[in-house]
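J.: Okay, handing you the structure first.
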Amino acid sequence: MSSFEVLPLDHIGAEIVGLDPHGMTEEVKRDLYATWLDHGVLLFREAAPDPETHVKLAKVFGDLEIHPVKSLLVPGNDELIFLGGHGKNSGGARVMDGNVLIGQTYWHQDTAYTPNICKGSMLRMVKKSERFGNTIWSDTSKAYDALPKAISDRIARLETLQCYTDMPRRTWGMPGSALRHATSEEGPQSEVEVPDFPYVVHPMVTTHPENGRNALLLSPLGYLTILGMPEDEADDLFEEVVAHTLKPEFCFDHTWTEDDLVLWDNRRTLHYAEGFPVDDDRMIQRATLAGPQPTGREFEGDAARSAGA
Ligand SMILES: [Fe+2]
């Protein structure tokens, strides 16, 4: 019998209650892993007062990746990276619906700009922001299961063209919203050197390698087009599928408390970082599960023509 309780969250995901991170038996670890596969997103409320506890819990779900950018590593804990603050890795300010925000990142799946998305990650809130700063996840398996059959049949064998970017072509699934880079008068500019990643192709529907469920691989942040389809038709279809996936019943919108941990399965979730005000010093740390998950491939055609550019 498990030494923790599983409390389903309002729409997707589950909260783990009563777990002692420092007294986990192998059986408890197996139960936790199975619970993660069931729910896709796990919340451990105020569970990690220090980086050691964060690492210990993250390792229940797999080996951890050491990030290649050494300046991001947490001193003394190479398996964690910092996100946030106002350093040169902050990515610059953006304006979302009139709010100037640092750390705003549009809906995406991590590393979807490569042929192999990553398995998942676990965040720990170290210093929360007083305004904004929420993170939202969407369960794309649950969204897939609720798609009208005409749509699931239509996208069954379709593929999207994706690229590395920090700005979506449109606010897919959030059609009333307005998003742009901030001017230098409004906020700090990005100093991140954008690597020259090749274009990649991903299927819109994937099968989870561990639980066998179908999921949507959409990553709207880097979406360019659907291969083999006129651009307008592709955009209309993509908008319809993303809007469906972002319905509240498929989402967990988390308002953080310090020392919260949230773990997600990148193979069946999208996430959105709301960002935080430019005068805030919000800080978060991330453990990333190692092991690329083969999903797509490098694109070998004419990307400009395929994107309708
Ligand atoms: Fe992310």
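The values are calculated or read from the model by the stated rules, or taken from the named source; none is laboratory data. Since this is a predicted model, take the numbers as computed values, not measurements. Quick reminder, even Gly has a Cβ in these numbers, built from the backbone with ideal geometry, and neighbours come from all protein chains shown. Only protein heavy atoms, including side chains, enter the accessible area calculation; ligands, DNA and RNA are left aside. Shrake-Rupley method; radii C 1.70, N 1.55, O 1.52, S 1.80 Å.
J.: Filtering the range 243-290 down to residues that are acidic (Asp, Glu), modelled with pLDDT under 95 and surrounded by fewer than 20 Cβ atoms within 10 Å (Cβ to Cβ), which residue is farthest from the ligand (Cβ to nearest atom)? Write out each step before concluding.
T.: Start the filter on the range 243-290 by keeping residues that are acidic (Asp, Glu), which leaves 249, 253, 258-260, 265, 274, 279-281.
If we keep only those that are modelled with pLDDT under 95 too, we end up with 279-281.
In the following step, the residues that additionally are surrounded by fewer than 20 Cβ atoms within 10 Å (Cβ to Cβ) were identified as 279, 281.
Working: Asp279: 24, Asp281: 20 Å.
Filtering the range 243-290 for residues that are acidic (Asp, Glu), modelled with pLDDT under 95 and surrounded by fewer than 20 Cβ atoms within 10 Å (Cβ to Cβ), the one farthest from the ligand (Cβ to nearest atom) comes out as Asp279.
J.: How many residues does the range 294-305 contain that are open to solvent by less than 40 Å² (accessible area, probe 1.4 Å) and either among the charged types (D, E, K, R) or modelled with pLDDT under 90 (or both)?
T.: 1
J.: Take the residues in the range 233-242 that are in contact (Cβ under 8 Å) with a residue 40 or more places away in the chain and open to solvent by 10 Å² or more (accessible area, probe 1.4 Å), then tell me which one is farthest from the chain's Cα centre (by Cα).
T.: Per the stated criteria, the residue is Glu240.
J.: Among the numbered conditions (1) open to solvent by 10 Å² or more (accessible area, probe 1.4 Å); (2) hydrophobic (A, V, I, L, M, F, W, C); (3) under 21 Å from Gly176 (Cα atoms); (4) within 13 Å of the ligand (Cβ to nearest atom), tell me where Leu123 comes up short.
T.: Answer for Leu123: the failing condition is (3).
J.: For Asp166, are the conditions met, namely being within 15 Å of the ligand (Cβ to nearest atom) and either in a strand (DSSP E or B) or within 16 Å of the chain's Cα centre (by Cα) (or both)? If you could, list the steps in order and put the result at the bottom.
T.: Details: within 15 Å of the ligand (Cβ to nearest atom): yes; either in a strand (DSSP E or B) or within 16 Å of the chain's Cα centre (by Cα) (or both): yes.
Criteria met by Asp166.
J.: Taking interchain pairs and intrachain pairs at least six residues apart, which have beta carbon atoms under 6 angstrom, with the first residue in the range 102-131 and over 21 Å from Val74 (Cα atoms) and in contact (Cβ under 8 Å) with a residue 12 or more places away in the chain and the second open to solvent by 30 Å² or more (accessible area, probe 1.4 Å) and near the ligand (Cβ under 10 Å from one of its atoms)?
T.: From residues that are over 21 Å from Val74 (Cα atoms) and in contact (Cβ under 8 Å) with a residue 12 or more places away in the chain, the pairs are Ile117/Thr111.
J.: Between a first residue in the range 265-293 that is under 23 Å from Lys70 (Cβ atoms) and of a type in the set (S, T, N, Q) and a second residue that is within 12 Å of the ligand (Cβ to nearest atom) and not in a strand (DSSP E or B), which pairs have beta carbons less than 7 Å apart while being 6 or more apart in sequence or on different chains?
T.: Thr288/Cys118
J.: Ok, one more. Select from the range 14-65 the residues that are surrounded by 13 or more Cβ atoms within 10 Å (Cβ to Cβ) and among the β-branched types (Val, Ile, Thr) and write down the one among them that is nearest to the chain's Cα centre (by Cα).
T.: Val41
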